[in-house]
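The values are calculated or read from the model by the stated rules, or taken from the named source; none is laboratory data. These numbers were taken from a predicted model, which means no experiment stands behind them. In this analysis, Cβ positions are derived from the backbone assuming ideal geometry, glycine residues included, and neighbour counts consider all displayed protein chains.
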There are 4 protein chains.
Amino acid sequence: MSKTAKINGLIAATFTPFHEDGTVNTSIIPEYAERLKAGGVAGAFVNGSSGEGVLLSNDERKLLAEAWAPYSDENFRIIVHVGSTSVAIAKELAAHAAALPGIDAIASMAPNFFPSSEVPVIADYCQQVAGSAPQLPFYYYHLPAATGTYIKVHELLQYAGHAIPNLAGVKYTHVDFMDMHQCLQLDGGRFDVLHGHDEILINGLVLGVKGAIGTTFNFIPQVYHRLMEAYHANDLDSARSYQMKSIEIVSIMLRYVNAIVGGKAIMKLTGIDCGPCRTPLRNLDAAAFGLLEQQLSEAGFFELLANPN
Amino acid sequence: MSKTAKINGLIAATFTPFHEDGTVNTSIIPEYAERLKAGGVAGAFVNGSSGEGVLLSNDERKLLAEAWAPYSDENFRIIVHVGSTSVAIAKELAAHAAALPGIDAIASMAPNFFPSSEVPVIADYCQQVAGSAPQLPFYYYHLPAATGTYIKVHELLQYAGHAIPNLAGVKYTHVDFMDMHQCLQLDGGRFDVLHGHDEILINGLVLGVKGAIGTTFNFIPQVYHRLMEAYHANDLDSARSYQMKSIEIVSIMLRYVNAIVGGKAIMKLTGIDCGPCRTPLRNLDAAAFGLLEQQLSEAGFFELLANPN
Amino acid sequence: MSKTAKINGLIAATFTPFHEDGTVNTSIIPEYAERLKAGGVAGAFVNGSSGEGVLLSNDERKLLAEAWAPYSDENFRIIVHVGSTSVAIAKELAAHAAALPGIDAIASMAPNFFPSSEVPVIADYCQQVAGSAPQLPFYYYHLPAATGTYIKVHELLQYAGHAIPNLAGVKYTHVDFMDMHQCLQLDGGRFDVLHGHDEILINGLVLGVKGAIGTTFNFIPQVYHRLMEAYHANDLDSARSYQMKSIEIVSIMLRYVNAIVGGKAIMKLTGIDCGPCRTPLRNLDAAAFGLLEQQLSEAGFFELLANPN
Amino acid sequence: MSKTAKINGLIAATFTPFHEDGTVNTSIIPEYAERLKAGGVAGAFVNGSSGEGVLLSNDERKLLAEAWAPYSDENFRIIVHVGSTSVAIAKELAAHAAALPGIDAIASMAPNFFPSSEVPVIADYCQQVAGSAPQLPFYYYHLPAATGTYIKVHELLQYAGHAIPNLAGVKYTHVDFMDMHQCLQLDGGRFDVLHGHDEILINGLVLGVKGAIGTTFNFIPQVYHRLMEAYHANDLDSARSYQMKSIEIVSIMLRYVNAIVGGKAIMKLTGIDCGPCRTPLRNLDAAAFGLLEQQLSEAGFFELLANPN
């Protein structure tokens, strides 16, 4: 498989492991990578929002890219998120990724201070970042709820498609399915559109989506593999049923602060302890953690874990 | 077909016709109803947001309900929107609709002053309104972008399902497909979930949606009929292609202030002149109107009109 | 004092009394009006947001205007709020007020469905409403947090100053002191700018504000009278101290849902029982009510009540 | 004057000078500092939002702190903003400032990714940052419009007042005057509250504000000096008149994208060319720049410049 081909399958939005003292703990990553590969996951998205990327120092972000890079192989891609409020920092991180054997692509969200929803402004930012890693595919990470950049992504792809030769597509974490549809249809389907909301994956599949990046792919990728199989076999009742199982787990996760705090706590319950979250994320106390475990248990989460394929 | 059965097909979110002096013009409604029926549309949604319902006086709203009621038949339902900032007004309009032969259902959005996102509060409002027309199916009209009521609708349906015996379902005009999916799956599919965003209808179909209420069904229902046929024949390429045609027309419409101002102008171009919009909606000048016509022409809109079936 | 002169002093944003069954209870109004006059309050604002105006039927709004009108006198003005999502309803209520002896002025907020922040659109709405009561002063009620109309009011006053001869000024319930300053300075101070946030009255006084409309003027007008006296005597320490007392009471009030629910409960504690709030406002249970009473007691509220002058 | 005393007077929120190629240009800073001192300005706020702080690399931020530090003297304080989405970066910058002779204080806004409005979370962030520069006064920079952190600052000061010994106060760039008043009155006036919106300075003075940090203090500090003098002489008509002059200039500035883009362009017109802004800020074209100059000229801006004292 060429690494410039579109992504087919599930990319895990990885968590950043911390020691209890708050420093980055890369010692867990070998086991983490093995787990993902064993579950048929197609790659790791590193230093994204699930990975608390913008809460890290630049050195920490580089360290994580370096720790994941060795696990790249023909069935497993490593995509590094390099976005920052500072285009200068994003460029530095892009250049670092480009120099690192094993990194398959980079991604960047829009800078979230002075948020702009002007396509030429965002295109300029992307061009500077993508241009710092010209040999790697570049994905625009569309996350308007966090960045405040409410552009129509198909307009960005159209506007910047020529100026950014390595513009590969978009990680689409938003609910504007009209725009997502337009992205998918643009230029005969030139761009790779990666679905970013696990709980509504089926709504992207009907538009032709082939790949996805998500948090719950860290623990229960099999639910989504089965969903996609059923969908492609035109067994919609089953596909909807798997999506409802995903909704059940996501709903529980989101009750615990947000997808990162809740997700990291779930990760610990699956046997890989990624440690605490960093300020301004806050951590669950023991009572909340116990309740989470109980609710997951009632939802059949641990049976799912026992049947990963 | 029983009028309490779920709705299958397309309901037009009708415009309110005005004379040039701003008074309601019911003289157009016979032709309007004929047009919709000839196009295979399954009903009319009266006094909704496309109908400028909350911009009307109570008497005007009653007049419009009365003008549409005679067109109810076994293939064409009349649903009257009765929502108001004042539950007292909503109840009065509900009772009026209930007393009017031909009205098949009522709907109400949440009161949009002092917006509440507490399910019991919205349930209380709905119970009072639905209770004023107990023999008619009641639909909750979910339009959070206008009302500010960001509840999870499946929680409302679950909470109020017993207390409101005539709670039939929801007109779902929002992009929370996770919640929409949960509404559809609730209680073995008890509730009728009517899709409210024309440009992403396909994203609802994949969840099992059967009916929809929309503005562009006033002019080009055939695009959506074909979309649904192709979808159900598992011809997804065609279904997506029809959805893209819908997106093209909707995109043009939305450039002209909003779906009501733009939509009413398009309606005029189709030969049914619904007159101006009421304050605080503003009307297009001649230059804008000409540009709209040109853009529609370039999009093949008039060829579509010439081939309504 | 001419009723077209600017307002000097405090206008109470009155609550609408309801019976326990939810119907309007005008029997309390004589006592209510006496209380306000005894406290040196300069008038009553009827059917505003504190009065749950847009939650009432049109007939109920007229009934309240009629119940308050007899209490107009040379030291006490009755201002009726007539705003509605429907300009047709607002015009009807304006005409009713105009025909009612005793009504001294009308006010209207912007229509809060399809919110517009275009000055000509809001001016058109105001012109239609003000034109239905041409012999009464008209106040624009600026409440963007509820209406979504984020215009600069000084631009509206400037734009509409000629077209609306009875445009008297603005009830300014927002925190844009730059705009408020510009309103006050416009045309040599032609317009009456009534301060709308009790807890920051002093911030308006420094700009030259002379009148205010507020919820806590229903119970503790003396705090504000003393504040204004101290301010005008250039005793800023005392003025700030009275403002801090106001902040203390307002802070407690706002803990109980909002200024209407909390305010109406406080009103009951002062001996005038205005009954429950209407849906979608919800009412305090006994425990919350008891806590409110205790917190007010600790803040010295009841000593204030015992010393009204 | 002790550098731990409260700030009395005006601190300029400085712009970061760039060369045309986008690199930082410190060569202008000597002249810039002289200008500010000649105008009676009491200090420089470095790397704040006007300074495009979070658009810079960490090294650039350190370079600017180093370039300004030498201009600290008994009448001129240097305050360095160290805030970042990453507490790790903020701590690094705080420690750098602490080690730099001449830096008089640091400030930090809340991290603006995963925005939190929980006081303990923000207190924890502040404690980590302030603790990295324990010998310097620490100011919380309240800028909720950019950070999304809508806490009540007086609650933060109260909560963290003991845990953060060097917590000096707040740069208050928001319109919640109730909260600002509570900050000023807290603990007998322990905390230093620096006003952050030039155009409404008078609304802070009435609460007892003594110091301010602002963008237009870069060019026309004399307007504010006169305003404060008139205010303290109880000549309110004059004070309001100076505030209206400030409003006029600020209104023009804000027409040109925002206070940074417009402000930097005005700075160039005053003879100190700070170069372009960095992505995602965009720069004015020649036509816009010419219009800005013309509007400033009509507003008497250049006469003001000619009379700086």
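Listing for the model above:
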item: Number of the exception - residue A:187 against (1) in contact with a Gly (Cβ under 8 Å, 6 or more places away or on another chain); (2) not in a helix (DSSP H, G or I); result: (2)
item: For residue C:124: the one exception among (1) over 30 Å from residue C:293 (Cα atoms); (2) within 14 Å of chain D (Cβ to nearest Cβ); (3) of a type outside the set (Lys, Arg); result: (2)
item: Residue A:98, sole failed condition from (1) surrounded by fewer than 23 Cβ atoms within 10 Å (Cβ to Cβ); (2) of a type in the set (Gly, Ala, Ser); (3) under 18 Å from the mean Cα position of the chain (by Cα); result: (3)
item: Qualifying residue in the stretch B:106-113 (condition: assigned to a helix (DSSP H, G or I), among the β-branched types (Val, Ile, Thr) and more than 9 Å from chain C (Cβ to nearest Cβ)); result: no
item: Any hit, the stretch A:176-188, residues being away from chain B (no Cβ under 12 Å) and either under 19 Å from residue A:87 (Cα atoms) or modelled with pLDDT of 95 or more (or both); result: yes
item: Pick from the stretch A:219-228, criterion under 15 Å from the mean Cα position of the chain (by Cα) and not aromatic (Phe, Trp, Tyr), ranking: nearest to the other protein chains (Cβ to nearest Cβ); result: A:220
item: Condition check for residue D:143: over 19 Å from residue D:43 (Cα atoms) and under 15 Å from the mean Cα position of the chain (by Cα); result: yes
item: Selection within the stretch D:22-32 - without any contact (Cβ under 8 Å) to a residue 60 or more places away in the chain and within 11 Å of another protein chain (Cβ to nearest Cβ); result: D:23, D:24
item: Long-range neighbours under 6 Å by Cβ, at least six apart or interchain, first residue over 10 Å from residue D:269 (Cα atoms) within the stretch D:288-302, second surrounded by 15 or more Cβ atoms within 10 Å (Cβ to Cβ) and among the aliphatic types (A, V, I, L, M); result: D:295/D:252
item: Subset of the stretch B:50-59 (residues that are more than 8 Å from every other protein chain (Cβ to nearest Cβ) and either outside any helix (DSSP H, G or I) or without any contact (Cβ under 8 Å) to a residue 12 or more places away in the chain (or both)); result: B:50, B:51, B:52, B:59
item: Hits in the stretch D:139-167 (condition: of a type outside the set (A, V, I, L, M), part of a helix (DSSP H, G or I) and within 14 Å of chain A (Cβ to nearest Cβ)); result: D:144, D:147
item: Meets criteria (more than 22 Å from residue C:48 (Cβ to Cβ), in contact with a Lys or Arg (Cβ under 7 Å, 6 or more places away or on another chain) and either buried (at least 21 other Cβ atoms within 10 Å of the Cβ) or at pLDDT 95 or above (or both)) for residue C:242; result: yes
item: Selected residue (only one of D:299, D:233, D:288 is of a type in the set (Gly, Ala, Ser), away from chain A (no Cβ under 14 Å), surrounded by fewer than 17 Cβ atoms within 10 Å (Cβ to Cβ) and under 29 Å from residue D:24 (Cα atoms)); result: D:288
item: Residue ID - nearest to residue D:150 (Cα to Cα), chosen from residues in the stretch D:189-206 that are among the small types (Gly, Ala, Ser) and more than 10 Å from every other protein chain (Cβ to nearest Cβ); result: D:196
item: Yes/no for residue B:255 being closer than 25 Å to residue B:128 by Cβ and surrounded by fewer than 21 Cβ atoms within 10 Å (Cβ to Cβ); result: no
item: Test: residue in the stretch A:167-175 that is touching a His at 6+ places or on another chain (Cβ under 8 Å), of a type in the set (Phe, Trp, Tyr) and in contact (Cβ under 8 Å) with a residue 24 or more places away in the chain; result: yes
item: Candidates B:148, B:161, B:169 - the one that is in contact with a Cys (Cβ under 9 Å, 6 or more places away or on another chain) and not hydrophobic (A, V, I, L, M, F, W, C); result: B:169
item: Matching residues in the stretch D:80-94 - criterion: being hydrophobic (A, V, I, L, M, F, W, C), more than 18 Å from the chain's Cα centre (by Cα) and surrounded by 24 or more Cβ atoms within 10 Å (Cβ to Cβ); result: D:87, D:89
item: Subset of the stretch B:173-218 [among the β-branched types (Val, Ile, Thr), under 23 Å from residue B:254 (Cα atoms) and either surrounded by fewer than 24 Cβ atoms within 10 Å (Cβ to Cβ) or within 15 Å of the chain's Cα centre (by Cα) (or both)]; result: B:173, B:175, B:200, B:213, B:215, B:216
item: Residue B:77 over 30 Å from residue C:92 (Cα atoms) and either touching a His at 6+ places or on another chain (Cβ under 6 Å) or surrounded by 22 or more Cβ atoms within 10 Å (Cβ to Cβ) (or both); result: yes
item: Qualifying residue in the stretch C:108-131 (condition: surrounded by 23 or more Cβ atoms within 10 Å (Cβ to Cβ), within 19 Å of the chain's Cα centre (by Cα) and over 20 Å from residue B:86 (Cβ atoms)); result: yes
item: Count of residues meeting criterion [outside any helix (DSSP H, G or I) and either in contact with an Asp or Glu (Cβ under 9 Å, 6 or more places away or on another chain) or touching a residue at least 60 places away in the same chain (Cβ under 8 Å) (or both)] in the stretch C:245-267; result: 0
item: The one condition in (1) part of a loop (DSSP other than H, G, I, E, B); (2) within 12 Å of another protein chain (Cβ to nearest Cβ) that residue A:136 fails to fulfil; result: (2)
item: Filtered residue count, the stretch A:73-96, keeping only those that are at the interface with chain D (Cβ under 9 Å from one of its Cβ atoms) and either free of Cβ contacts under 8 Å to residues at least 12 places away in the same chain or β-branched (Val, Ile, Thr) (or both); result: 4
item: Residue list for the stretch C:263-285, filter: within 27 Å of residue B:147 (Cα to Cα) and surrounded by fewer than 21 Cβ atoms within 10 Å (Cβ to Cβ); result: C:276, C:281, C:282, C:283, C:284, C:285
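Per-residue answers, yes or no, for (1) surrounded by fewer than 24 Cβ atoms within 10 Å (Cβ to Cβ); (2) within 14 Å of chain B (Cβ to nearest Cβ); (3) in a helix (DSSP H, G or I):
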{"position": "C:20", "(1), (2), (3)": "yes, no, no"}
{"position": "C:34", "(1), (2), (3)": "yes, no, yes"}
{"position": "C:45", "(1), (2), (3)": "no, no, no"}
{"position": "C:61", "(1), (2), (3)": "no, yes, yes"}
